[in-house]
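The values are calculated or read from the model by the stated rules, or taken from the named source; none is laboratory data. What you see is a predicted model, and the numbers here were worked out from it, not measured in a lab. A quick note on method: Cβ atoms are made from the backbone with ideal geometry, for glycine too, and the neighbour counts reach across all protein chains shown. Just the protein is used for accessible areas: all its heavy atoms, side chains included, with ligands, DNA and RNA removed. Shrake-Rupley method; radii C 1.70, N 1.55, O 1.52, S 1.80 Å.
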Amino acid sequence: PLVPLFEIPTGEASSGQSSASFDELVKAGYIGVQRPKTGDTARRPGEHPNKLRMLMYNDGCCGDTELLKLHTYGLVGHELAVHLDFDSLILRPMDDLFDVMLGKQKDDKVVESLSIAKLPQSKPVDFSRPIDAAFTRDYNSVKSPSPKSPVGYQGGFLIVRPSLTVLERYRKILQRGEFSLNPRKGWGNKQGFYGDATFQGIVPYYYEDVAPPGEHNELELDRCIYNQMADNPRKSTHKFPRATPLDPQVMGYSDKNKCRDGRKDCRDTDCQRTHPKDSITTHFTFCNKPWDCSSGLPGTVALDTCLGLLSEWYGVRRELEDWWLLPRNEAGEATNDVSFSQRSFYWNQRTIDRVQQKRQGSLQPDVYK
């Protein structure tokens with residue numbers, strides 16, 4: 001577990017003695033916060049020792065459980081590890097991205113075909129080296145848009161080269177409690193956005209401030225293609241991010257003439273108008289959850305995009321239900337192997353054909369006409 005629980009009293013830490021309950025927590029892998037005595041992250045007189053943990057508890061969408069995503073770095077049995085939120089869907093294969101991250105691309109054309117973000121805070125990428133992390137940023141969380149405003153990594157999508165060294169560095173960051181609370185300025189004194197206390201804040205803090213310079217090679221992806229949320233690149237007169245209304249008077253809000261990434265022109269990141277066939281993964285946030293029978297975003301320009309993405313999810317769900325409804329394995333296939341007692345194999349040719357159709361975007365051909 002990576003969630004900081006409490007501060008280790010100086011006496012216990014110096015004497016080497018601790019309570020039985022503390023010993024049990026240590027054996028379970030928990031870390032006690034050991035904040036410095038001075039500086040911005042030091043605990044103020046009278047401040048509750050669990051203040052940072054309590055702040056994390058209600059931070060962002062899911063509180064301190066967001067930190068469980070950091071265990072993606074611990075999957076060292078694999079060359080790459082992908083974290084996707086539960087409300088995500090892979091629309092098309094990511095093989096080209098994986099090949100580039102591993103330095104196994106066939107030629108430069110593969111690199112050129114990748115949808116890479118080219119925004120004020122996007123860093124140059126050295127494609128002659130393997131890439132350690134691929135991510136999208138969450139510009140919807142920016143409080144005061146400008147080219148230099150702090151912006152978090154979107155917490156629903158992250159691809160990394162697993163490393164126990166990196167995972168341990170995250171543990172040390174949490175142990176030291178390097179989140180400025182008095183006043184709240186975030187990790188490294190330069191944050192302040194939705195979800196900054198947990199995953200969306202600690203990951204950019206690691207790559208941009210903690211990791212040794214030049215050690216990592218990170219890639220910011222086009223958020224309309226990867227982790228597509230159909231979001232509006234401009235601010236809204238509504239207090240929360242909203243899609244562009246078709247009729248501002250009816251909807252009661254309108255777009256402001258201000259881009260969330262600080263640029264004057266952000267039409268190249270207008271994800272609410274991005275055709276679903278162009279996206280590779282999607283994240284059902286603004287379009288709402290398909291299992292809640294979402295109607296998309298009626299009255300906005302994002303409606304067609306959301307309905308297309310929702311239809312993709314229903315297509316995959318239908319594929320699964322078709323598999324469930326297939327007859328059991330034919331007579332003659334039965335053996336003592338317990339796997340043969342299952343319903344029809346997922347690699348049944350009929351299911352394979354439907355999967356292939358899905359990848360080609362022809363499962364629901366009439367959706368985008």
Filter the range 90-100 down to residues that are over 21 Å from residue 68 (Cβ atoms) and open to solvent by 30 Å² or more (accessible area, probe 1.4 Å), then give me how many there are.
6
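With respect to residue 87, determine if the residue is surrounded by fewer than 20 Cβ atoms within 10 Å (Cβ to Cβ), without any contact (Cβ under 8 Å) to a residue 24 or more places away in the chain and not hydroxyl-bearing (Ser, Thr, Tyr). It would help to see each step written out before you state the result.
Numbers: surrounded by fewer than 20 Cβ atoms within 10 Å (Cβ to Cβ): yes; without any contact (Cβ under 8 Å) to a residue 24 or more places away in the chain: no; not hydroxyl-bearing (Ser, Thr, Tyr): yes.
Criteria not met by residue 87.
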Of the residues in the range 101-111, how many are of a type in the set (A, V, I, L, M, F, W, C) and crowded, with 17+ Cβ neighbours inside 10 Å?
1
Those residues of the range 223-279 which are β-branched (Val, Ile, Thr) and open to solvent by 30 Å² or more (accessible area, probe 1.4 Å), in sequence order:
237, 250
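Conditions (1) at pLDDT below 90; (2) surrounded by fewer than 17 Cβ atoms within 10 Å (Cβ to Cβ); (3) not in a loop (DSSP other than H, G, I, E, B), marked per residue:
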| residue | (1), (2), (3) |
| --- | --- |
| 306 | no, no, yes |
| 320 | yes, yes, yes |
| 327 | yes, yes, no |
| 335 | yes, yes, no |
| 352 | yes, yes, yes |
| 365 | yes, yes, no |
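With the condition kept exactly as written, say whether any residue in the range 6-19 is closer than 30 Å to residue 103 by Cα, assigned to a loop (DSSP other than H, G, I, E, B) and either open to solvent by less than 60 Å² (accessible area, probe 1.4 Å) or modelled with pLDDT of 75 or more (or both).
No, that holds for no residue.
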Among the residues of the range 180-202, is there at least one that is touching a strand residue (DSSP E or B) at 6+ places or on another chain (Cβ under 8 Å), open to solvent by less than 20 Å² (accessible area, probe 1.4 Å) and closer than 18 Å to residue 124 by Cα?
no
Does the range 230-283 hold any residues that are within 22 Å of residue 220 (Cα to Cα), in a loop (DSSP other than H, G, I, E, B) and β-branched (Val, Ile, Thr), and which are they?
274, 280
When residues of the range 112-164 are filtered for being over 15 Å from the mean Cα position of the chain (by Cα), of a type in the set (Val, Ile, Thr) and buried (at least 21 other Cβ atoms within 10 Å of the Cβ), how many remain?
2
So, in the range 308-318, how many residues would count as being touching a Cys at 6+ places or on another chain (Cβ under 8 Å) and either among the charged types (D, E, K, R) or open to solvent by 60 Å² or more (accessible area, probe 1.4 Å) (or both)?
0
Only one of (1) aromatic (Phe, Trp, Tyr); (2) without any contact (Cβ under 8 Å) to a residue 24 or more places away in the chain; (3) crowded, with 18+ Cβ neighbours inside 10 Å is not met by residue 73, so which one is it?
(2)
Assuming residue 98 fulfils every condition listed in (1) over 30 Å from residue 259 (Cβ atoms); (2) part of a loop (DSSP other than H, G, I, E, B); (3) among the aromatic types (Phe, Trp, Tyr) apart from one, which condition is it?
(2)
Six or more apart or on different chains, Cβ under 9 Å: which pairs go from a residue in the range 125-137 that's of a type in the set (Phe, Trp, Tyr) to one that's open to solvent by 30 Å² or more (accessible area, probe 1.4 Å)? Could you list them?
127/103; 127/105; 127/108
